[in-house]
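Okay, structure first, notes after.
The values are calculated or read from the model by the stated rules, or taken from the named source; none is laboratory data. Everything numeric here is computed off the predicted structure, so don't read it as measured data. Heads up, the Cβs are rebuilt from the backbone with ideal geometry, glycines too, and the neighbour counts pull from every protein chain shown.
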Amino acid sequence: MSAAALLEIDHLSIRYATPRGTVQAVRDVNLTIRRGEVIGLVGESGSGKSSLVSSMMALLPDNAAVDGRLRFEGTDIVALPETGRRQLRGNGIAAIFQDPFTALNPVVTIGDLLVAVQHHDHGAGTREKRRRATEMMARVGISDAGRRLRQYPFELSGGMRQRVAIAAALLTHPTLLIADEPTTALDATTEAQIIDLLRRNRSAVDGAIVFVTHHLGLVAQLCDRVAVMYAGEIVETGPVGAVFANPRHPYTRALIACEPALIRAATRRLPTIGGAPPDLTAPPAGCGFAPRCPLADETCRSLAPPVVATGENATARCHKVLP
Ligand SMILES: Nc1ncnc2c1ncn2[C@@H]1O[C@H](COP(=O)(O)OP(=O)(O)O)[C@@H](O)[C@H]1O
Ligand SMILES: [Mg+2]
């Protein structure tokens with residue numbers, strides 16, 4: 001493992017057993033997440049983003065089967081027993097989801113929750129933990145902390161709940177913070193505030209942040225590197241500036257080309273491209289994007305594309321890598 005690698009994803013595949021067949025949600029993903037970076041994971045709905053990040057937290061549902069390796073600081077998460085997984089989630093990896101209710105226990109007050117998340121810190125007493133909770137609330141823009149600490153999640157607005165979820169995540173001092181579409185359910189103003197909050201608190205995560213979003217403008221604002229997913233595969237990775245200025249995969253180019261303003265924060269939705277992704281219960285032998293790709297030929301339709309190095313830490317999985 002190289003010195004800077006925090007999470008190494010090695011030939012990872014995730015399949016779900018369903019009544020209509022096996023869904024190949026993540027297909028042979030290779031990705032290294034380095035200490036200190038913020039990586040954006042983008043792709044249309046159903047492309048496998050949530051499955052991929054859930055596997056990083058060992059939080060996949062029971063009908064999921066995983067192949068490959070996911071090494072977090074050298075430990076293989078896939079092979080870890082449940083006790084080790086729980087340990088990992090409270091101490092090392094933290095997540096913020098689209099619906100913050102997922103992280104907030106409805107019958108526990110905000111104050112008790114923000115104390116409870118610090119349970120791995122045996123050195124500090126409840127008083128100290130409450131003090132830290134109050135301090136963190138101010139940091140995430142919650143005023144009137146004294147009153148808020150006594151409230152229950154249902155008493156807060158969606159934006160306020162998301163701030164609490166972020167505070168809870170940051171209080172665990174995660175090495176890896178995963179944010180899965182944390183602002184999708186919020187209005188544009190609240191979204192902007194939450195993004196600003198994540199940006200300003202970037203240094204509180206002494207590791208890496210994986211930011212999952214539909215919103216390419218947010219990736220431009222928040223991330224160092226981007227990984228583009230399509231039909232369960234990572235089709236392109238690279239530094240944000242390079243990928244947005246000169247996408248090398250036709251899918252990435254299509255995403256960027258169909259909305260010139262997308263780098264600006266004003267664009268909240270991933271642009272739509274004609275056609276639909278393949279059925280993941282029977283993925284095609286060739287490139288999954290071929291039916292929608294203007295450059296596709298017979299090779300693309302019949303042979304799986306190679307992963308081509310397009311620069312330093314940059315790849316495109318394509319037969320027709322763009323110049
Ligand atoms: N628990 C599940 N059981 C069966 N299929 C699932 C489950 N979760 C997700 N899927 C399927 O896996 C694919 C990828 O989904 P997901 O990881 O949620 O993608 P994204 O987050 O990019 O929208 C989709 O086809 C979805 O329907
Ligand atoms: Mg998702």
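Considering (1) buried (at least 21 other Cβ atoms within 10 Å of the Cβ); (2) of a type in the set (A, V, I, L, M); (3) within 16 Å of ligand 2 (Cβ to nearest atom); (4) within 22 Å of Arg89 (Cα to Cα), say which one Leu59 fails and leave the rest.
Here Leu59 meets the rest and fails (1).
Condition first: modelled with pLDDT of 90 or more and charged (D, E, K, R). Now tell me which residues in the stretch 265-312 satisfy that.
Those that are modelled with pLDDT of 90 or more and charged (D, E, K, R): Asp279, Arg292, Asp297, Glu298, Arg301.
Within the stretch 158-169, is there a residue that is surrounded by fewer than 21 Cβ atoms within 10 Å (Cβ to Cβ) and in a loop (DSSP other than H, G, I, E, B)? Can you show your working first?
In the first step, residues of the stretch 158-169 are kept if they are surrounded by fewer than 21 Cβ atoms within 10 Å (Cβ to Cβ); the result is 158-160.
Filter once more, so that each one left must be in a loop (DSSP other than H, G, I, E, B): none.
For the stretch 158-169, residues surrounded by fewer than 21 Cβ atoms within 10 Å (Cβ to Cβ) and in a loop (DSSP other than H, G, I, E, B): absent.
Look through the stretch 48-67, keep the residues that are assigned to a loop (DSSP other than H, G, I, E, B) and at pLDDT below 95, and return whichever of them is farthest from ligand 1 (Cβ to nearest atom). Let's see the steps before the verdict.
Narrowing the stretch 48-67 to residues assigned to a loop (DSSP other than H, G, I, E, B): 48, 57-63.
Keeping just the survivors that are at pLDDT below 95 gives 57-62.
Values: Met57: 13, Ala58: 15, Leu59: 11, Leu60: 8, Pro61: 4, Asp62: 9 Å.
Once the filter is applied, the top-ranked residue is Ala58.
Could you check how many residues of the stretch 8-31 are modelled with pLDDT under 95 and in contact with a helix residue (DSSP H, G or I) (Cβ under 9 Å, 6 or more places away or on another chain)?
Residues that pass the stated criteria total 0.
Being more than 16 Å from ligand 1 (Cβ to nearest atom) and at pLDDT below 85 narrows it down to one of Cys223, Cys258, so name that one. Spell out how you get there, then give the answer.
Working: Cys223 fails: at pLDDT below 85.
That would be Cys258, the only listed residue that is more than 16 Å from ligand 1 (Cβ to nearest atom) and at pLDDT below 85.
Of all the residues that make up the stretch 21-47, how many are assigned to a loop (DSSP other than H, G, I, E, B) and within 25 Å of Ile273 (Cα to Cα)?
Taking the stretch 21-47 as the starting set, the residues that turn out to be assigned to a loop (DSSP other than H, G, I, E, B) are 35-37, 43-47.
Retained after the next criterion (residues that are within 25 Å of Ile273 (Cα to Cα)): 43-47.
Count: 5.
Could you check the stretch 172-245 for strands (runs of 3 or more DSSP E) lying wholly inside it with 3 or more residues that are under 14 Å from the mean Cα position of the chain (by Cα) and aliphatic (A, V, I, L, M)?
Details: elements: 176-180, 208-213, 225-230, 233-239.
Ranges flagged: 176-180, 208-213, 225-230.
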